[in-house]
Amino acid sequence: MSWALKGNRAWGLAAGLAGCAVVGTVLKSNWDENDPENDILQLTTEQSQKKRSKKFIPRLPLSTVLASWTTNHTPAVAWDHDWDKRDPKSLIKPLKLKKTPDVVPDSDDMSEEIKKNTPKASRHLYLIRHGQYNLKANEDKGRDLTKLGRDQAHLTGKRLQALNVEYDTLVHSTLTRATETADCILEHLKELPVQKCDLLQEGAPCPPEPPVGHWRPEGHQFFRDGARIEAAFRKYFHRAEPTQLTDSREVIVCHANVIRYFVCRALQIQPEAWLRMSLAHGSITHIIIRPSGRVVLYNLGDSGHLPVDMVTQS
């Protein structure tokens, strides 16, 4: 081996050691033991039975590590516990200061009011998409269920019955296909209050992202339908009343666009994502709203009660 080659290696080794020293110095100077992001890197190693030492290993910021599994990660927004504006603390009036300056208001009164306004039960919402219907008609009256659509609706009713729970109410869209689906389902459930709601009619909730070429409603349709469907969400999605002591179960028969928008809003994800989901006719989407305001998507578009040859989407 030539002396020149040995010399180059020697210089390379020296440069490498110098680089390590510089990096080590920079990392050490930037290291903050009090930084909460570095807590998980405090690895305790036992050197002896009597003596322990903490070894700190510097690392990248937590936000960078969290983004390591993707190329365009955006940190999630924290969950809004008062999304339905029914948080107990926001429903009561603040304590009024008494006239005497040296008298401190009794916080027990405030605690009692909070307890009084705190929900105690969960609400179970079963969102049902209508059965297959006639697409050839131009008016709603002619857009009734097909033979397959009625069979789908009956199987959905049997599935709800098989869950062996007590339902409190059934509400359905006033469009023909949703009304007929509700009638089929009711044949398999015990008598319960039934309501109709125009707010639940099908429509264009908001422009989807990404957009699709085969479905492009006019801007005025989003303006009109979006407000209506949002109003339906606010009407049916909220935590239980404080006076409700046991869990409730409500069946809502409506449409695919409406249900998908509801799911996005309930989970506090971008409403524009609604068209990324697909729901089969007669499918069941089960959402639970806890007393704390937490929301659980228990099932999304469950169609397991339908034979494979009866599963349709359009």
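The values are calculated or read from the model by the stated rules, or taken from the named source; none is laboratory data. Bear in mind that the values here come from a model prediction, so they are computed numbers and not experimental data. Virtual Cβ from ideal backbone geometry, glycine too; neighbours counted across all protein chains shown.
Please verify whether the range 231-250 includes one or more residues that are without any contact (Cβ under 8 Å) to a residue 40 or more places away in the chain, assigned to a loop (DSSP other than H, G, I, E, B) and among the polar types (S, T, N, Q). Within the range 231-250 (the criterion being without any contact (Cβ under 8 Å) to a residue 40 or more places away in the chain, assigned to a loop (DSSP other than H, G, I, E, B) and among the polar types (S, T, N, Q)), the answer is yes, since at least one residue qualifies. Can you name every residue in the range 256-274 that is in a helix (DSSP H, G or I) and more than 18 Å from residue 181 (Cβ to Cβ)? Across the range 256-274, the qualifying residues are 261, 263, 264, 265, 266, 271, 272, 273, 274. Exactly one residue among 232, 204, 273 is in contact with a strand residue (DSSP E or B) (Cβ under 8 Å, 6 or more places away or on another chain) and small (Gly, Ala, Ser), and that residue is 232. Here residue 212 meets each of (1) under 20 Å from residue 134 (Cβ atoms); (2) assigned to a loop (DSSP other than H, G, I, E, B); (3) of a type in the set (Val, Ile, Thr) with one exception, condition (1). The helices (runs of 4 or more DSSP H) falling completely within the range 59-148 that include 1 or more residues that are exposed (fewer than 12 other Cβ atoms within 10 Å of the Cβ) and at pLDDT 65 or above map to 88-91, 107-116.
Kindly list the number of the only condition in (1) in a helix (DSSP H, G or I); (2) more than 18 Å from residue 130 (Cβ to Cβ); (3) touching a Gly at 6+ places or on another chain (Cβ under 7 Å) that fails for residue 309. (3) is the only condition that residue 309 fails. Please count how many residues of the range 229-275 are farther than 24 Å from residue 133 by Cβ and hydroxyl-bearing (Ser, Thr, Tyr). Counting residues in the range 229-275 that are farther than 24 Å from residue 133 by Cβ and hydroxyl-bearing (Ser, Thr, Tyr) gives 3.
Can you find a residue in the range 259-268 that is of a type in the set (D, E, K, R) and buried (at least 18 other Cβ atoms within 10 Å of the Cβ)? For the range 259-268, residues of a type in the set (D, E, K, R) and buried (at least 18 other Cβ atoms within 10 Å of the Cβ): present. Restricting the range 166-186 to residues that are in a loop (DSSP other than H, G, I, E, B) and not charged (D, E, K, R) leaves a set whose member that is nearest to the chain's Cα centre (by Cα) is 167.
Considering (1) part of a helix (DSSP H, G or I); (2) under 25 Å from residue 152 (Cβ atoms), the lone condition that residue 253 does not fulfil carries the number (1).
Residue 189 falls short on exactly one of the conditions (1) part of a helix (DSSP H, G or I); (2) surrounded by fewer than 18 Cβ atoms within 10 Å (Cβ to Cβ), and that condition is (1).
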